[in-house]
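This report concerns only the one structure given below.
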Amino acid sequence: MRAQPQASHFVDGTYVEDKAGAQIECIYPATGERIALLHSATPDIISRAVASAKRAQVEWERTLPAERGRILRRAAEIMRERNHDLSVLETLDTGKPYQETIVADALSGAEAFEFYGGLASTLSGECIPQGESFIYTKRVALGVCLGIGAWNYPTQIACYKGAAALACGNSVIFKPSEVTPLCALKIAEILAEAGLPKGLYNVVQGYGDVGAALVSHPEIEKVSLTGSVATGSKVMSAAGAGIKHVTMELGGKSPLIIFEDADLDAAVSGAILGNFYSAGQICSNGTRVFVQQSIRGDFERKLLERTRKIRMGDPLDPDTQMGSLISADHMQKVLGHIETGHTDGARLMCGGKQATVPGGERGCYVEATIFSDVTDDMRIAREEIFGPVLSILEFTDEEEVIRRANDTEFGLAAGVFTRDLTRAHRVIDRLQAGTCWINTYNAMPVEMPFGGFKQSGVGKENSRAALDHYSQIKSVYVEMGGVESPY
Ligand code: NDP
């Protein structure tokens, strides 16, 4: 199987290569096969990308917003037409099943281009009277924006960061995770085909050192990172040294609270989606499932029955529901977390091991794993696992569960299942999390602001709110009379 792109980077409207850069081996994690070989960016590639982004941005900001929007919407159309090919590529890059990628990745990227394409023309300011004089404001671009992606949603992250930035008149340099370098290149190609002038969306490959060099580059005005808290802290410090704008989409350990009056089948669906979709490699997952004591037995029975039916297998088979993890290293990390679940005394209900899939004997598969009798101090209840591991924690009353749900340094997401609407809003209101759900989990339309509280992040992606993070307000005082001066 081959997925070799024309070259490693996309700079100034075209593919470019520099083989002097360190090798990046692209492995299909479902089989362990090498499917492409790329190179990390050299200082020369970085300089060329920044120079082209800087040059192109000046003209782009002056392009009429309606025209900017048309190009983004055209890119959305092309992505929809090519959904199958883009989904296969996403599956090869990540090991996620085609059954997911065909509905979740390129299509959500297309939605972002469509949504921000529509919003481009709505960017406006205000007029503030001062007697005969007045003040007006304009929303202007930031300049060259850097996006740094995690590996779990390479197409979606490349689109989310690109769409909002371009709509506001910025140019973009996107550095994918070196584990998933392929998808962003296709997005750059599609944007060029849709008519985006060269230099406005560049893809630069590399390890963390390339990301760090870009973050510190004086011509970069804004950094948007999707990654772990540890990387977020480093990137934010480096960006702070240059007084740059930042958006940080970081990790989580989110609570999903199920009250005794919940629709139990819906709650089980929420728990499964919020833990096993994408083999659990989703930042907002509700990995601490708090279940009220009186329904715990029924909930566990139903959850176990449905989890055992999840079809794990070849990710390219449309019947497969759960694919492989992203890499062998990550699989070892996840298995290590499962081990701590055993040593800390949690009760394993199912899974817990590496899985073998016919044809994927060298693949990175881990069984859908459920631990019960989990307590707040166990490592599986405190640390982000980023794999298919669900922990059940029992609670008795509302005050108790709110306190325990908030007892974490993370604050990315939270969910509540209950038929009592008053309780639902009361509880959600007190949960320290940026993105919340009532009677569902992980629904994330582009219209919904997404981003975390506490160590889970800074700023918002998606929705109108992201426009505030990709533009700045310029205010102008217009004097209509004379100027009085004591001098
Ligand atoms: P990492 O934090 O390891 O890496 C994120 C990106 O940052 C990668 O592209 C990485 O490059 C790059 N990077 C690493 N070090 C530096 C540095 N010093 N300066 C600049 N860039 C750097 O995260 P993962 O890729 O492992 O992704 C998993 C994490 O992402 C999880 O914690 C998860 O919760 C979080 N995440 C958050 C989401 C959100 O929206 N809140 C969504 C998805 C994931 P390289 O890969 O080459 O090292």
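Counting the residues of the range 363-407 that are surrounded by 14 or more Cβ atoms within 10 Å (Cβ to Cβ), out of contact with any Phe, Trp or Tyr (no Cβ under 8 Å at 6 or more places or on another chain) and among the basic types (Lys, Arg) gives 2. Take the residues of the range 278-312 that are touching a Lys or Arg at 6+ places or on another chain (Cβ under 9 Å) and in a helix (DSSP H, G or I): which is surrounded by the most Cβ atoms within 10 Å (Cβ to Cβ)? Selected residue: 279. With respect to the stated conditions, residue 443 is of a type in the set (Gly, Ala, Ser), touching a strand residue (DSSP E or B) at 6+ places or on another chain (Cβ under 9 Å) and over 14 Å from residue 287 (Cβ atoms). Candidates in the range 156-178 are the residues that are within 18 Å of residue 11 (Cα to Cα) and among the hydroxyl-bearing types (Ser, Thr, Tyr); of these, the one that is farthest from the ligand (Cβ to nearest atom) is 171. As a summary of the residue check, residue 318 satisfies the conditions (1) surrounded by fewer than 16 Cβ atoms within 10 Å (Cβ to Cβ); (2) under 23 Å from the mean Cα position of the chain (by Cα) except for the one numbered (2). Of the residues making up the range 204-255, those that are assigned to a strand (DSSP E or B) and either of a type in the set (Lys, Arg) or more than 9 Å from the ligand (Cβ to nearest atom) (or both) number 8. Go through the residues of the range 415-427 one by one and say whether even a single one is over 21 Å from residue 260 (Cβ atoms) and of a type outside the set (Asp, Glu). No: zero hits. Residues of the range 161-171 that are closer than 23 Å to residue 3 by Cβ and in contact with a helix residue (DSSP H, G or I) (Cβ under 8 Å, 6 or more places away or on another chain): 162 alone. Looking only at residues that are surrounded by fewer than 19 Cβ atoms within 10 Å (Cβ to Cβ), in contact (Cβ under 8 Å) with a residue 24 or more places away in the chain and not charged (D, E, K, R) in the range 468-487, which one is nearest to residue 163 (Cα to Cα)? Residue satisfying both the conditions and the ranking: 472. Among residues belonging to the range 437-448 that are surrounded by fewer than 17 Cβ atoms within 10 Å (Cβ to Cβ) and on the phi < 0 side of the Ramachandran plot, point out the one that is farthest from the ligand (Cβ to nearest atom). So the residue we want is 438. All conditions but one from (1) at negative phi; (2) within 16 Å of the ligand (Cβ to nearest atom) apply to residue 361; the one that does not is (2). Selection of first residues in the range 330-351 that are closer than 20 Å to residue 364 by Cβ and of second residues that are more than 16 Å from the ligand (Cβ to nearest atom) and of a type in the set (D, E, K, R), restricted to Cβ pairs under 7 Å at least 6 apart or on distinct chains, gives the following pairs, ordered by first then second residue: 350/308; 351/367.
Pairs are defined by a Cβ separation below 9 Å, a sequence spacing of at least 6 or placement on different chains, a first member in the range 408-433 that is among the aromatic types (Phe, Trp, Tyr), and a second member that is assigned to a helix (DSSP H, G or I); the pairs so defined are 410/229; 417/264; 417/266; 417/267; 417/270; 417/271; 417/424.
The residue that is farthest from the ligand (Cβ to nearest atom), counting only those in the range 376-395 that are over 25 Å from the mean Cα position of the chain (by Cα), over 15 Å from residue 349 (Cα atoms) and of a type outside the set (D, E, K, R), is 395.
Coordinate-derived values only; no laboratory data. Model, not experiment: these values are computed from the prediction. Cβ sites come from the backbone with ideal geometry, for glycine too, and all protein chains shown count toward neighbours.
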